[in-house]
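Student: Okay, handing you the structure first.
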Amino acid sequence: MAFTLPYPALHATHGGIWLARPDGEVRALGRGEAIAAAAETPVIMLNAPLIGQRLGYPEISGLDLLELFAFVHPARFAVPTPKGLAAVLGLEAPSGDAEAAPFLREAAAALLTRMDADWPEREGAWTSAQALWRLRWSWAPAIGQVLKRPERDERWLFSRLPEWEENGGRAQPRPARVSEIEAVERLADLVGSAAEVRQGQRDYAAAAAAAFAPRKAEGAPNMLLAEAGTGIGKTLGYLAPASVWAEKADGAVWVSTFTKALQRQLDREGIRLFPDPVERQKRIVIRKGRENYLCLLNLEDALQGGFAGRAAILAQLVARWAAYSKDGDMVGGDLPGWLTSLFRRAGSTALTDRRGECVYAGCPHYRKCFIERAARASQDADIVIANHALVMVNAARARDNPPTRMVFDEGHHLFDAADSTFAAALTGQETIELRRWLIGPEGKSRGRRRGLAARLTDVASYDEAGGLALQNAIEAAGLLPGDGWLGRLAEGMAFGPLEKLLAAVRATAYARATAQDAGYGIETEIAELDADIVEAAAPAVEALESLLRPLMALGKRLEAVLEDAPDWLDAQARARIEGAIGGLTWRAQMLQSWIALAARLGGPADPDFVDWLAVDRVDGREFDIGLHRRWLDPTRPLARTVLEQAHSVVVTSATLRGAEDWAAADARTGACHLPVAVQRFTAESPFDYAANSEVLIVTDLKRGDVAQLAGAYARLVEAAEGGTLGLFTAIQRLKAVHARIADRLARAGLPLYAQHVDPIDTGTLVDIFRDDPRASLLGTDALRDGVDVPGHSLRLVVMEGVPWPRPTVLHAARKVAGGGTAYDDRVVRARLAQAFGRLIRRSEDRGVFVLLSSATPTRLLTAFPPGVTIRRLSLAEAIDRVRMLLSTDRGFGHQARRQTEEAE
């Protein structure tokens, strides 16, 4: 039956506010009227936090249509806009903003009508609706009118989830080779008979095949560095030989990415390898870090009263999703990215295992755990899709059977990924997390958050030496910072040796700060330190060592318990102890790095590392304080820990060299540290950049003038009629520009979205941008090379200036070691190449790249593809050029046709 809602609907953009009443009247409102209307009666809206921001009333609440969609269709994708919902629901999209308000009522009625009968996600809806009614969810009364009680009681969520199966482990891969013929034939199968295999892609697959030969010596992997320009089709190019090798050797190839977007693309490409969905689920597995997955025990705690208010409603909607999720991935999986932002992230992080508190087999949901299921599935998979960080962490900790055959896509990020993975940070936030892992949270404990001592009670009572080591570790953990440490430091009331060291770090950092640090984080090199901080280091080192010793002793006792297993040690207890050993090993390594870092204060510098003190702040508010250490060259531990363990390594990217020579690629990937020569391959992009793109450098904008900068962005977006990706090097300038131009563009029918402004996750912002050719998106580094928006939706890229590296302590050290100005130039050229790469993603794409910096050195322009026209001109001329190039009758298409006619 059709369902008629008695509620009005409110729609707000930067261009205006509209209210659609139940009687059909639609009228424009002012902000005050809209806020009053929302306060008087429940109002249907789309994305309440976004509407609240646009009304200047962040606490606005109502009937959020996205929440209803998440209830009716959990684990189903929808772009969170009127147009996006219309596409999913099979409704006619509104033609404009004024028509969007009545559309929201229509969409809500359509969703409620679906619940009047059976639909694919029917099971569990009744039980969830009753719980949401008790929580006073705004949609519960409307749902109660249409959702009928099922004839049979619904199964509890945790009884509906499938169990994973234990297996005996996988044998070592058989020695196998992949011939060029086999790789090219598999590539032809993947491409399909309807398409022709391009020569560049064929050559790429043949080159990658050689990397999968058996290695000749330990520590000497077969390594290929492959730069394949955009459009070559490198994904299928390496999947072809990888899949052949996996079949012949009965082994797994790990494909590692830097961005979640590429992981999703690879997952989609899996359909070509294994069309049958059941087989595909077994043969291709996505692996991520534990913190990405829903923890079922945390969810149960939340559902049984651990969460309150809006967080409790979020938990119910996440439970609905969990029953239909492919893999339980809450970050980049099939949980809608916008769902947690609707609740201002209330409770979302508490639903994942972010503190390493997993009790493994001690958990009642262990056999249904999403994390354990993914780990076991990867053991038998042909292709494991992971990310750089997970691959490196697994190799560094020597757990989970480190991969031996690897493809690093987005390989230009290997340096940065290694930089983060092999870093050390002795900070307040890190130490308090360790304290909580050992002792448990201070104050009221909830569920299993009890600390290591409570999780190992049975072992401690069985093994006297182990129990004593555990007791000593808990006592030593009392010397670590506890809750309220930041406040105590600010008030000069530091407690314990670690807090006193952090207080000395804070004092030193502020003493050396300059006026330009106001409002931002502060850092200073560890050099020429005063006596106060040097004297504070010794007791801190002693405290850390007093904790390290019992933790290492406990690890050895747990290993002894496993070797001489008691009668009570069943499979579940064994798995729990193995998990504890893994956690202890990792934290012992972390403590060792902290001890080395603290002992460095007052001592000689280690030439392999860069050390500094830092006070981390956001808008002047402190959130962490501590000591930091990075490898001067992080590819050294990358080569030793990851590459030398491997048999086959393919590192690939469209910008692997970053407009430099191969020596730069060797240095950025760790290849220069291997004892054997690596293979190299280059395939130029098949795209005609010269005919389909142009670079414009604007020469008459005053540096630092935000008003001029904002005006330039607004006029360029207007000239392109949307479809613009604006890239900034500073968040504050991004916010300032957005505030000045959003309303202006909206009045012209050109929606504007922005990172760090709109309360929407980055992935969803890109989805919205991709779905609307008239929309534009402003962002920072995350959008420079993590965006794939082919077609007309992205036709103009505007950068506010040359993306010079931020002058940090770490950058200064690497600049000296890397050749001074030449080092900076390499970094900038790589960033420009990555940003330009957003523009042309398919052969039919056309676009303009605009750099708003008159001081752009000519030597940096080699970052752009050869043959691309580069013009230096005024802003007015640039605007005219953008308007002309992107027009259908005079632009790139017209020029291409004219060139063809002249050639003929």
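The values are calculated or read from the model by the stated rules, or taken from the named source; none is laboratory data. Here the structure is a predicted model, which means the values were calculated and not measured. Backbone-built Cβ (ideal geometry, glycine too); neighbour counts: all protein chains shown.
Student: So, of the residues in region 637-682 that are among the basic types (Lys, Arg) and at pLDDT 90 or above, which turns out to be surrounded by the most Cβ atoms within 10 Å (Cβ to Cβ)?
Tutor: The residue in question is ARG668.
Student: Right, next: Using beta carbons and a limit of 7 Å, which pairs, at least six apart or on different chains, have the first residue in region 566-579 and touching a residue at least 60 places away in the same chain (Cβ under 8 Å) and the second one in a loop (DSSP other than H, G, I, E, B) and of a type outside the set (Asp, Glu)?
Tutor: Matching pairs, first to second residue: ARG576/VAL359; GLY579/CYS358.
Student: Inside region 81-184, counting only helices (runs of 4 or more DSSP H) that do not spill past its ends, which hold 2 or more residues that are surrounded by 15 or more Cβ atoms within 10 Å (Cβ to Cβ) and under 33 Å from the mean Cα position of the chain (by Cα)?
Tutor: So the answer is 82-89, 97-114, 125-134, 157-160.
Student: Among all residue pairs at least 6 apart or on different chains, which show Cβ distances below 8 Å where the first residue, located in region 264-288, is more than 19 Å from ALA240 (Cβ to Cβ) and the second is part of a loop (DSSP other than H, G, I, E, B) and of a type in the set (Val, Ile, Thr)?
Tutor: LYS288/VAL331
Student: Okay, moving on. Looking only at region 217-260, count how many residues are within 17 Å of ALA639 (Cα to Cα) and outside any strand (DSSP E or B).
Tutor: Result for region 217-260: 3.
Student: From the list GLY305, GLY289, exactly one residue is within 29 Å of TYR366 (Cα to Cα), at pLDDT below 90 and more than 22 Å from the chain's Cα centre (by Cα). Which is it?
Tutor: GLY305
Student: Of the residues PRO539, PRO566, which is surrounded by fewer than 19 Cβ atoms within 10 Å (Cβ to Cβ) and modelled with pLDDT of 95 or more?
Tutor: When all the criteria are applied, what remains is PRO539.
Student: Test each condition in (1) more than 16 Å from ARG617 (Cα to Cα); (2) free of Cβ contacts under 8 Å to residues at least 12 places away in the same chain; (3) among the β-branched types (Val, Ile, Thr) for VAL459 and report the one that comes out false.
Tutor: Against the list (1) more than 16 Å from ARG617 (Cα to Cα); (2) free of Cβ contacts under 8 Å to residues at least 12 places away in the same chain; (3) among the β-branched types (Val, Ile, Thr), VAL459 comes up short only on (2).
Student: Another question, then. Is it true that VAL676 is under 21 Å from LEU839 (Cα atoms), over 29 Å from the mean Cα position of the chain (by Cα) and either not acidic (Asp, Glu) or not assigned by TED's automatic domain parsing to the domain that holds LEU778 (or both)?
Tutor: Criteria not met by VAL676.
Student: While we're here: Within region 452-473, is even one residue surrounded by fewer than 21 Cβ atoms within 10 Å (Cβ to Cβ) and either of a type in the set (Lys, Arg) or touching a strand residue (DSSP E or B) at 6+ places or on another chain (Cβ under 8 Å) (or both)?
Tutor: Looking through region 452-473, none of the residues is surrounded by fewer than 21 Cβ atoms within 10 Å (Cβ to Cβ) and either of a type in the set (Lys, Arg) or touching a strand residue (DSSP E or B) at 6+ places or on another chain (Cβ under 8 Å) (or both).
Student: Hey, can you tell me all the residues within region 1-33 that are part of a loop (DSSP other than H, G, I, E, B), touching a residue at least 12 places away in the same chain (Cβ under 8 Å) and under 30 Å from ALA117 (Cβ atoms)?
Tutor: Passing the criteria: MET1, ALA2, PHE3, THR4, LEU5, PRO6, TYR7, PRO8, ARG21, PRO22, GLY24.
Student: When you check PRO74 against the structure, is it out of contact with any helix residue (DSSP H, G or I) (no Cβ under 8 Å at 6 or more places or on another chain), in a loop (DSSP other than H, G, I, E, B) and closer than 28 Å to TRP156 by Cβ, yes or no?
Tutor: no
Student: Name the single residue, out of those in region 637-666 being assigned to a helix (DSSP H, G or I) and free of Cβ contacts under 8 Å to residues at least 60 places away in the same chain, that is nearest to ALA242 (Cα to Cα).
Tutor: ALA639
Student: Return the residue satisfying two criteria in turn: it lies in region 185-198 and is among the charged types (D, E, K, R) and assigned to a loop (DSSP other than H, G, I, E, B), and of such residues it is nearest to TRP126 (Cα to Cα).
Tutor: So the residue we want is GLU196.
Student: When only residues in region 407-424 that are among the aliphatic types (A, V, I, L, M) and touching a Lys or Arg at 6+ places or on another chain (Cβ under 6 Å) count, which is surrounded by the most Cβ atoms within 10 Å (Cβ to Cβ)?
Tutor: Residue satisfying both the conditions and the ranking: ALA424.
Student: State whether the residues of region 731-748 include one that is in the same structural domain as MET884 (by TED's automatic domain parsing) and under 25 Å from ASN692 (Cα atoms).
Tutor: The answer is no; no qualifying residue exists.
Student: Could you count how many residues in region 346-376 are in contact with a helix residue (DSSP H, G or I) (Cβ under 7 Å, 6 or more places away or on another chain) and not in a loop (DSSP other than H, G, I, E, B)?
Tutor: 10
Student: In region 45-77, which residue that is in contact with a Gly (Cβ under 7 Å, 6 or more places away or on another chain) and crowded, with 20+ Cβ neighbours inside 10 Å is modelled with the lowest pLDDT?
Tutor: ILE60
Student: Here's another thing I want to ask about it. Quick one: is VAL26 among the β-branched types (Val, Ile, Thr), surrounded by 14 or more Cβ atoms within 10 Å (Cβ to Cβ), at pLDDT below 95 and in contact with a Leu (Cβ under 9 Å, 6 or more places away or on another chain)?
Tutor: yes
Student: Of all residues in region 206-217, how many are touching an Asp or Glu at 6+ places or on another chain (Cβ under 8 Å) and surrounded by 24 or more Cβ atoms within 10 Å (Cβ to Cβ)?
Tutor: 1
Student: Answer with yes or no whether GLU499 is under 30 Å from the mean Cα position of the chain (by Cα) and either surrounded by 15 or more Cβ atoms within 10 Å (Cβ to Cβ) or part of a helix (DSSP H, G or I) (or both).
Tutor: Details: under 30 Å from the mean Cα position of the chain (by Cα): no; either surrounded by 15 or more Cβ atoms within 10 Å (Cβ to Cβ) or part of a helix (DSSP H, G or I) (or both): yes.
No: the conditions fail for GLU499.
Student: May I ask you to verify whether VAL797 is of a type outside the set (Phe, Trp, Tyr), within 18 Å of LEU696 (Cα to Cα), crowded, with 21+ Cβ neighbours inside 10 Å and touching a residue at least 60 places away in the same chain (Cβ under 8 Å)?
Tutor: Yes, satisfied.
Student: Being in a helix (DSSP H, G or I), hydrophobic (A, V, I, L, M, F, W, C), out of contact with any Pro (no Cβ under 7 Å at 6 or more places or on another chain) and in the same structural domain as PHE609 (by TED's automatic domain parsing), is that true of even one residue in region 564-572? Quick ask: steps written out before the conclusion?
Tutor: Narrowing region 564-572 to residues in a helix (DSSP H, G or I): 571-572.
Retained after the next criterion (residues that are hydrophobic (A, V, I, L, M, F, W, C)): 571.
This time we only want the ones that are out of contact with any Pro (no Cβ under 7 Å at 6 or more places or on another chain), so: 571.
Now drop any that are not in the same structural domain as PHE609 (by TED's automatic domain parsing), which leaves 571.
Looking for residues that are in a helix (DSSP H, G or I), hydrophobic (A, V, I, L, M, F, W, C), out of contact with any Pro (no Cβ under 7 Å at 6 or more places or on another chain) and in the same structural domain as PHE609 (by TED's automatic domain parsing), one finds at least one in region 564-572, hence yes.
Student: Which one is farthest from ARG872 (Cα to Cα) among residues in region 683-709 that are surrounded by fewer than 19 Cβ atoms within 10 Å (Cβ to Cβ) and of a type in the set (Gly, Ala, Ser)?
Tutor: Among those residues, the one meeting the criterion is SER685.
Student: Could you go through region 518-526 and let me know if any residue there is over 18 Å from LEU591 (Cβ atoms), outside any loop (DSSP other than H, G, I, E, B) and aliphatic (A, V, I, L, M). Outline the logic, then answer.
Tutor: We begin by selecting, within region 518-526, every residue over 18 Å from LEU591 (Cβ atoms); these are 518-526.
The next check asks that each one be outside any loop (DSSP other than H, G, I, E, B); those that pass are 522-525.
Narrowing further to those that are aliphatic (A, V, I, L, M): 522.
Within region 518-526, one or more residues are over 18 Å from LEU591 (Cβ atoms), outside any loop (DSSP other than H, G, I, E, B) and aliphatic (A, V, I, L, M).
Student: Still on this structure, please answer the following. Among the residues of region 542-558, is any at pLDDT below 95, hydrophobic (A, V, I, L, M, F, W, C) and farther than 20 Å from LEU434 by Cβ?
Tutor: no
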